[in-house]
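Input: a single structure, listed below in structure tokens.
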Amino acid sequence: MKTHQLKRTITSMEVASMVEKSHDNILRDIRRIIGHLGDVKNEESYFIESTYVNSQNKEQPCFLLTKKGCELYGTRMTGEKGTLFAIEYIERFNEMETTVKQQALPTDPMEILQLTFEAQKQANEKLDNVDTRVTELEENAPLSPGDYGHISRLVNQRVSTVISERHLKLTQKQRSQLYKDLNAEIKAVMRVPSRTQLRQRHYNDTIDFILNWQPSSATIAIVNQLSIEEFTDIA
């Protein structure tokens, strides 16, 4: 049994004093409880066999009771005696907990400084983890209606700018081909199945892409082919 565990126990002699019974009666009660426990529980988590030296300098048997042991023993008592016993053993264990915590605190300035640094490091790591999770949530959030609407307006403006720069005179069908090409490239570059799947992390890159977009040679060829087809239809 480890020393710090032994310190968090009280003796059966103390219990006898608390409940105003003879020590022999307390020993008998504890042994009876242990007999009831059988193999179901680890009895040493409740009662630990020990010895003490009495006033005649003779070694005598006793038990050390853990907090759980006191709780179990207390179930044998009801009314005022049970309440008073509970108060006394709870106070005793609180005192022991306080003493153990105080003894565990370092007194050397370097140890205190090291503990302070460790605590600060752990706090910073937790804060970093929280910041990372918040950032991930923000970046994976869907585009707001305002942001999505802005991208849609940029798509319309970019197609109109390309048509104007190239001095093109296009039918609605040809214009649709340009929109189709730009939207397809946005999805491919941002790796999303549809424009509605764009996330906040895509927003700035999507805007940059739209502003610098030019129709591919294949798209221009398709647009020209549509002109030929429409001319043939008219003829």
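The values are calculated or read from the model by the stated rules, or taken from the named source; none is laboratory data. As the structure is a prediction and not an experimental result, all values here were calculated from the model. Positions of Cβ are generated from backbone atoms using ideal geometry, with glycine treated the same way; all protein chains shown enter the neighbour counts. For the accessible areas, the whole protein counts, side chains as well, though only heavy atoms, and no ligand, DNA or RNA atoms are used. Shrake-Rupley method; radii C 1.70, N 1.55, O 1.52, S 1.80 Å.
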**Residue-by-residue Karplus 3J(HN,Hα) for region 167-177, coefficients 6.51, -1.76, 1.60, Hz, glycine and proline x** = 6, 8, 10, 10, 7, 4, 5, 5, 4, 4, 5
**Asked** For q = 0.10, 0.17 Å⁻¹, what log10 I(q)/I(0) does the chain give under the Debye formula with an equal point scatterer on each alpha carbon and no solvent?
**Response** -0.70, -1.17
**Asked** What are the aspartates and glutamates whose alpha-carbon lies under 14 Å from the alpha-carbon of Lys21, with same-chain residues fewer than 8 places away excluded?
**Response** Asp29
**Asked** Cα to Cα, under 18 Å, and not fewer than 8 places away if on the same chain: which aspartates and glutamates meet these conditions relative to Lys187?
**Response** Glu139, Asp147, Asp205, Asp208
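Tell me the per residue accessible area of the chain using a 1.4 Å probe; a whole number in Å² is fine. Could the numbers behind the result be given before it?
Details: 15990 Å² over 235 residues.
That works out to 68 Å² per residue.
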**Asked** Roughly how big is the chain's charge dipole about its Cα centre, with Cβ charges of +1 (Lys, Arg) and -1 (Asp, Glu), in debye to the nearest 20?
**Response** 600
**Item:** Qualifying aspartates and glutamates (Cα of each under 18 Å from Cα of Lys126; at least 8 residues distant if same chain)
**Value:** Glu118, Glu136
**Prompt:** Can you give the net charge of the other residues whose Cβ lies under 10 Å from the Cβ of Phe47, counting K and R as +1 and D and E as -1?
**Reply:** -1
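Can you tally the net charge around Thr206? Count Lys and Arg as +1, Asp and Glu as -1, for every other residue whose Cβ sits under 12 Å from the Cβ of Thr206.
Numbers: positive: Arg158, Lys187, Arg191, Arg195, Arg199, Arg201; negative: Asp147, Glu185, Asp205, Asp208.
Cβ neighbours under 12 Å give a net charge of +2.
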**Prompt:** For region 214-223, what does the Karplus curve 6.51 cos²θ - 1.76 cosθ + 1.60, with θ = phi - 60°, yield as ³J(HN,Hα) per residue in whole Hz, taken in order and with x for Gly and Pro?
**Reply:** 10, x, 6, 4, 5, 5, 4, 5, 5, 4
